[in-house]
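Notes follow the structure.
The values are calculated or read from the model by the stated rules, or taken from the named source; none is laboratory data. Source: prediction; values computed, not measured. We place every Cβ from the backbone using ideal geometry, glycine too, and count neighbours over all the protein chains shown. SASA here: full protein model, heavy atoms, side chains in, ligands and nucleic acids out. Shrake-Rupley method; radii C 1.70, N 1.55, O 1.52, S 1.80 Å.
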Amino acid sequence: MQYTGSNLIACSALAALGALPLPSLAAGTNAVSPSTSEPSITLDEIVITAEKRSEMALRTPVALSTYTGENLKEQQVISVASLQNLDPSVNVSKSAFGGWPFVVIRGVSTSDGTSNSTPGIAFNVDGIPLNRGFEQTTAFLDIERIEVLKGPQGTLYGQSSTGGTLNVITNKPKNGLEASADVTVGNYNTRRINAMVNLPLTGRIAVRAAINSNKHDGYIIPNDGSTPTSDQDDFTSRVSLLGNFNDDVSLLLTQTNGHLGGAGAGAVNWDTLHSAPTGGRQRIVYGGNPFPSYDDDSFSNFAAQFNWAIGPVQLTYVGGYLNYSANEQQASTNNPLGNSTFPGLPAYQALHIGSHTRTDSHELRLANQAPGFADWVVGINWYRELIDPDNTRLWVAPSPVLGPPPPPGTAPTLADSMNIFDFLSNTSRTAKGVFGQTTLHLSEQWDVTLGLRYTLDSLENPGTQAFGPFDVNDNYCIAPAPCIGFPDGGSQKDHKITYRVGGAYHFTDTQMLFADVATGFKPGGFNNLDPTTGQPGPYKAEQLTAYELGYKGRPVGNLEINSDLFYYDYSAHQATSGVLLPGSSFPIIGTVVAPTVIYGWESDLTYKLSYADELKLSATLLKSYYKDLPEVDANGVVRNLRGKSLDTTPRAAATLTYAHEWTLSGGGTFRAQAQTKYSSSYVETDVQNAIQYTQPSFTRSSIDVRYTEASGKFYVGAFVQNLENKLQINSNPSGFVPGPGADNSTVPNAATVTVTDPRTWGFMTGVKF
């Protein structure tokens, strides 16, 4: 594996250590210097629950990154989509269907956001899994911290954690009166409001309520003056009640509600993105579509956590019920001449998604209370997801079968539209698991970790599919009415044993070397149209075996280093393929299983130079490739992606953050923070034509400044995100792009692609009591 100049960014984390002015104090202490009588400079200790028990991050033998709620606020990370700006091993791609985010960790993810599949990265809020992309788009609300676990977590987190787990931990009620509020305003008419109040009702019962409102105008602008897309109009509320009935028993109840509105996700035109100069011109798209674009989603989630200390054993129950209704429509914004309804006549498309998802999740586990020779946890869990209805439709107007085309210049209407495809199903997925993991402390230096899990997963997906303008009774289908087609769907069952075997050697209380072998598992699914057969059918489960060697440590109290080498034998990777329907720029998503290899090195350091200065550097080097992935293009030609990279997986990425704080004469503080991320190029694959498109290397930088008055109760600040004002693609081009087999490759801007946000800036102010 060879790298060029970008290698210096990644390696500098370790190479620079010899030049750092490091105090000679024991790590993690607050020892007093005899010459100055002042406390030594140390980093804060972080307590995590990544292994389903409270423990120090520095002593957890798992590759992970942790970000506090304050970190997220300072760097304007308000949702999962912007988490990639902090962690170079994390990327976020988008689905062509719905524009939902897909978290990518070390190259592992999924690109099928439909109910036919499950994610490759587990996403949990307070232990409750959110498996659908639309559920993960809601803004972070009153967050304590986020834990990013890297590598397969099959033992403790089960199916759909092949590449890792993202845990969102919210703030819990406290036995004290607290309140806070903050407001942010900025360009694109940005208006964000957060508010929280914490009330102790009795000495043992407390309630906490928080709200979040996020609004901004769209970034992607139609040329006819219609409503811009990629906007935001969201609202979320949460109420938590915590009862500590005695020192051994507690119960936490949480209710979360919200709504997502606005015009919804958008995409820019492929040719304009590459030909227009940096800035607003790249975000101009085609208007005139008779189909409106909109989001109208609502959700209501309930969660409960019960803890009971029974002598030497801790019993924990975590359960939740999620209710999510999605009603979304994406109108095409590509060149309407590229939609091929009539030669030379503009045509417009719209993708509609309507679903009602209900999810039950229950986990019961036991763990040891006091540290001993063996720290252990055993448990069982049950997960059920019901999606009824589960409907995806694509329409086009004008219709090529309603007679002669309308006169030139005539705007099409819904009355002269037709159905291209309509998938309607009633999807049910269940997952049952039993697991156990123990860490044996063989000596003060040596630990051994052993974990095992058995998972049983099943999918039932009965439904119908209609291709073309007529339903099963030969009736013509016009938007927005459903088009009931022929029977479709099926079932799939998988079971799997996953394991973790590892060891750790502790040089000191704050330094260790660890190694492990772990497996991940993602269940199989069902293709409405299998790319290999052209018929409905199931596909196989995903499997990964990971080998990892890592170091965690604080050589001195003000410096922390984490470094990991990893190799993934991705023996069965669920890769997305597609079948393109005639007259459509939207491929029907299908999945095939292919062997893949991923390996690399990641390292990060946090260095507190003084009480006022802190430096963070994180870097990742990564190599991924398909061992064998044949694709059949639109002309029926077999093309193999053997040796090609996985999508959204740069070979090198790094983030550098520096913060300085000045203490003013009146006791207030002024803090300035600058951050930049470097990413080498990566690819996004048009699987229909077996073509990979390259996102060139880029930097993405931000600045945040903040004044906090002496009591810490009031602050004002300002920020700029994406100083470069450059856009990066984060999905494969959808539509006809020049290349082999592209039917309309001569039509400019026939294809669109989703991109990251442009430059944003704003001002914020907040109070807390």
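Per-structure values
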quantity	calculated
Over the chain, equivalent-ellipsoid semi-axes from the Cα gyration tensor in Å	43, 29, 27
At R0 = 22 Å, FRET efficiency that the Cβ-Cβ distance of S275 and A718 yields, to 0.05	0.05
The range 110-251: C-alpha gyration tensor shape, a/c 1.5 cut-off, then a/b vs b/c	oblate
Label-point separation in nm, E70 to I380, each point 7 Å along Cα→Cβ	4.3 nm
The range 303-444: relative contact order in percent, alpha carbon pairs under 8 Å with at least 6 residues between	23 percent
Extension gain (nm, one decimal) between A415 and I284, 0.36 nm per residue minus Cα-Cα	44.4 nm
Gained length - D224 relative to L315, 0.36 nm times residue gap less alpha-carbon distance	26.7 nm
Simple spin-label estimate for A674 and S298 in nanometres, 7 Å along Cα-Cβ	4.8 nm
Radius 15 Å from Cβ of G288, net charge of other residues (Lys, Arg +1; Asp, Glu -1)	-2
Under 12 Å, Cβ to Cβ, from V448 - net charge with Lys/Arg +1 and Asp/Glu -1	-2
Label point distance in nm, V638-I703, each placed 7 Å from Cα along Cα→Cβ	5.7 nm
Contour minus Cα-Cα distance for I46 and Y499 (0.36 nm per residue)	160.4 nm
Length-normalised contact order for the range 483-531 - Cα pairs under 8 Å, 6+ apart - percent	41 percent
Residue-normalised accessible area of the chain, given per residue in Å² at a 1.4 Å probe	39 Å²
Sparsely packed GluC sites (Glu not before Pro) within the range 380-478, loop by DSSP, other Cβ within 10 Å at most 13	E444
Cα-Cα P(r), the range 278-323, percent of pairs per 10 Å interval	16, 20, 17, 14, 14, 12, 6
Surface accessible to a 1.4 Å probe, D233 within the full protein complex, Å²	60 Å²
log10 of Debye I(q)/I(0), alpha-carbon scatterers only, for the range 131-192 at 0.16, 0.19, 0.24 Å⁻¹	-0.79, -0.93, -1.10
Prolate/oblate/rounded call for the range 601-702, Cα gyration tensor, a/c under 1.5 rounded	prolate
Separation between Cα centres of the range 498-571 and the range 162-213, rounded to whole Å	32 Å
Packing rank of 150-163, 512-525, 755-768, where each peptide gets the mean count of other beta carbons within 10 Å, highest leading	150-163, 512-525, 755-768
Radius 12 Å from Cβ of H362, net charge of other residues (Lys, Arg +1; Asp, Glu -1)	+1
Relative contact order, percent, the chain [alpha-carbon distance under 8 Å, six or more residues apart]	12 percent
Span from the the range 414-488 Cα centroid across to the the range 684-706 one, whole angstrom	28 Å
Theoretical FRET efficiency, 1/(1+(r/R0)^6), r = Cβ-Cβ of L513 and E55, R0 22 Å, to 0.05	0.80
Loop-located trypsin sites (Lys or Arg not before Pro) in the range 470-570, at most 16 other Cβ atoms within 10 Å (DSSP)	K540
Fraction of antiparallel bridges per DSSP, the range 106-178 only, in percent to nearest 5	65 percent
Portion, in percent, of the accessible area of the chain that falls on carbon or sulfur, probe 1.4 Å	59 percent
